[in-house]
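Here is the structure we will look at.
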Amino acid sequence: MSAPVYRDPIEDGAADPTVIRREGTNEWWMFYTNRRANAGGEGFSWIHGSPIGVAVSSDDGASWTYKGTVKGLDAPGNDGLNTHWAPEVIFAEGRYHMFLSYIKGVPTHWKVPRTITHFVSDDLENWERVGPLKLSSSNCIDACVFRSPEGIWRMWYKDEGQGSSTWSATSPDMMTWTLEGEVLPGSPEAPPHEGPNVFEMGGFYWLITDEWRGQAVYRSDDTLKWTRQGTIAGEPGEDPLDQKFARHADVVVTGESAVMYYFTHAEWDETKNPSAGPPDARSRATAVHQARLWVEDGVLKCDRNIPLGQPVLAGG
């Protein structure tokens, strides 16, 4: 079955998961946007004001335990509640790096500046602020970082200011970043999208994005030129709580296959007036699920129906 593998016990709004092994241990850490599904307030304030939640697994993903929220991520001088979204966490150049989508305050609407802010850590618990990145606009979120075959670090991210398109930047050392350009166009030339995620498996590089109707799939030989293959995880899973589109995913490769972590709005009919968003606390609640990915004849395949309680991250 494809039942949820994790729900946030405080806000019930776990979204945008990213999963990383803690170096030198058997622990896997899940960082996620901790949406305030139960919050009231005007407009879209419930989706803002979110901290970053953490859950930990010591059994290769068979079970997850809530650990709390990440402290110290607010910009200097931004007192009170602020908005933290879509953390990208990666171990590179001897340290952990977090690239956080950050918004000042608790907006009630979408038209506010957003930045991707860089933090570093030696233990995944205590984070030191490096600062915001200068990218293609003042509306950039959803960073993903991967080492390209030529040896440089490359970041893909969503530019909401330019049609919800995917752009990229490069770095030799994870500390200095240079804007590269548009990778995948958005509206009106192509479907708008968010949450890019890049990984290598089966002899190819893969880029998936959330088109709010499943995950769009692109394949590449070099992480520079991408060819679209279609979509995965648009069809419902078997579990009653996994009937909706798979949203904003992260992929952990475990050898010849991979685990895709994604979230769903289990109680929201997302095909009806999606721009208005879920109308109440029940439909705003989200859950994290897992799917198995593999490559067959050069095509990325997906199965949402992984039994719970399995050590799916063994070998990762």
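The values are calculated or read from the model by the stated rules, or taken from the named source; none is laboratory data. In this text, all values refer to a predicted model and were calculated from it rather than measured experimentally. Counting neighbours? That spans all protein chains shown, and the Cβs are built from the backbone with ideal geometry, glycine included. We work out accessible area using only protein heavy atoms, side chains counted, and drop any ligands, DNA or RNA first. Shrake-Rupley method; radii C 1.70, N 1.55, O 1.52, S 1.80 Å.
Check segment 98-107 and report whether any residue there is at pLDDT below 95, in a loop (DSSP other than H, G, I, E, B), of a type in the set (Gly, Ala, Ser) and over 17 Å from Ser121 (Cα atoms).
No, segment 98-107 contains no residue that is at pLDDT below 95, in a loop (DSSP other than H, G, I, E, B), of a type in the set (Gly, Ala, Ser) and over 17 Å from Ser121 (Cα atoms).
Going by the structure shown, is Thr209 touching a residue at least 12 places away in the same chain (Cβ under 8 Å) and not in a strand (DSSP E or B)?
Values: touching a residue at least 12 places away in the same chain (Cβ under 8 Å): yes; not in a strand (DSSP E or B): no.
When the stated conditions are applied, Thr209 does not pass them.
Six or more apart or on different chains, Cβ atoms under 6 Å: show the pairs whose first residue is in segment 51-70 and on the phi > 0 side of the Ramachandran plot and whose second is surrounded by 15 or more Cβ atoms within 10 Å (Cβ to Cβ) and not in a strand (DSSP E or B).
Partner pairs satisfying both residue conditions: Asp60/Leu313; Gly61/Val312; Gly61/Leu313.
Quick grid of which residues meet (1) open to solvent by 10 Å² or more (accessible area, probe 1.4 Å); (2) of a type in the set (Lys, Arg); (3) part of a loop (DSSP other than H, G, I, E, B):
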residue	(1), (2), (3)
Met155	no, no, no
Lys158	no, yes, no
Thr166	no, no, no
Met175	yes, no, yes
Gly181	yes, no, no
Pro188	yes, no, yes
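So, of the residues in segment 1-14 that are touching an Asp or Glu at 6+ places or on another chain (Cβ under 9 Å) and either part of a strand (DSSP E or B) or modelled with pLDDT of 95 or more (or both), which turns out to be most open to solvent (accessible area, probe 1.4 Å)?
Of everything passing the filter in segment 1-14, Pro4 is most open to solvent (accessible area, probe 1.4 Å).
Which of the following residues is open to solvent by less than 10 Å² (accessible area, probe 1.4 Å) and either over 25 Å from Lys111 (Cβ atoms) or out of contact with any strand residue (DSSP E or B) (no Cβ under 9 Å at 6 or more places or on another chain) (or both): Ala37, Ala55?
Details: Ala37 fails: either over 25 Å from Lys111 (Cβ atoms) or out of contact with any strand residue (DSSP E or B) (no Cβ under 9 Å at 6 or more places or on another chain) (or both).
Testing whether each residue is open to solvent by less than 10 Å² (accessible area, probe 1.4 Å) and either over 25 Å from Lys111 (Cβ atoms) or out of contact with any strand residue (DSSP E or B) (no Cβ under 9 Å at 6 or more places or on another chain) (or both) leaves just Ala55.
Can you spot a residue in segment 112-133 that is surrounded by 14 or more Cβ atoms within 10 Å (Cβ to Cβ), among the hydrophobic types (A, V, I, L, M, F, W, C), part of a loop (DSSP other than H, G, I, E, B) and without any contact (Cβ under 8 Å) to a residue 12 or more places away in the chain?
Yes: one or more hits.
If you take the residues in segment 244-274 that are among the polar types (S, T, N, Q) and under 20 Å from the mean Cα position of the chain (by Cα), which one is surrounded by the most Cβ atoms within 10 Å (Cβ to Cβ)?
Thr264
Restricting to segment 190-204, and then to whatever is surrounded by fewer than 21 Cβ atoms within 10 Å (Cβ to Cβ) and without any contact (Cβ under 8 Å) to a residue 60 or more places away in the chain, can you tell me which residue is farthest from Arg247 (Cα to Cα)?
Glu200
Exactly one condition in (1) at pLDDT 95 or above; (2) more than 18 Å from the chain's Cα centre (by Cα); (3) of a type in the set (Gly, Ala, Ser) is false for Ala233; which is it?
(2)
Might you check whether a residue that is buried (at least 23 other Cβ atoms within 10 Å of the Cβ), under 20 Å from the mean Cα position of the chain (by Cα) and in a loop (DSSP other than H, G, I, E, B) occurs anywhere in segment 19-33?
Looking for residues that are buried (at least 23 other Cβ atoms within 10 Å of the Cβ), under 20 Å from the mean Cα position of the chain (by Cα) and in a loop (DSSP other than H, G, I, E, B), one finds none in segment 19-33, hence no.
Does Thr231 meet the test of being of a type in the set (Val, Ile, Thr), out of contact with any Pro (no Cβ under 6 Å at 6 or more places or on another chain), in a loop (DSSP other than H, G, I, E, B) and without any contact (Cβ under 8 Å) to a residue 60 or more places away in the chain?
no
So for segment 60-73 (the condition being closer than 25 Å to Ser171 by Cα, outside any loop (DSSP other than H, G, I, E, B) and open to solvent by less than 30 Å² (accessible area, probe 1.4 Å)), does at least one residue qualify?
Scanning segment 60-73, I find no residue that is closer than 25 Å to Ser171 by Cα, outside any loop (DSSP other than H, G, I, E, B) and open to solvent by less than 30 Å² (accessible area, probe 1.4 Å), so the answer is no.
Considering only residues of segment 40-52 that are hydrophobic (A, V, I, L, M, F, W, C) and open to solvent by 10 Å² or more (accessible area, probe 1.4 Å), which is modelled with the lowest pLDDT?
Across segment 40-52, the extreme among qualifying residues is Phe44.
What number of residues within segment 206-260 are within 14 Å of Arg292 (Cα to Cα) and among the hydroxyl-bearing types (Ser, Thr, Tyr)?
2
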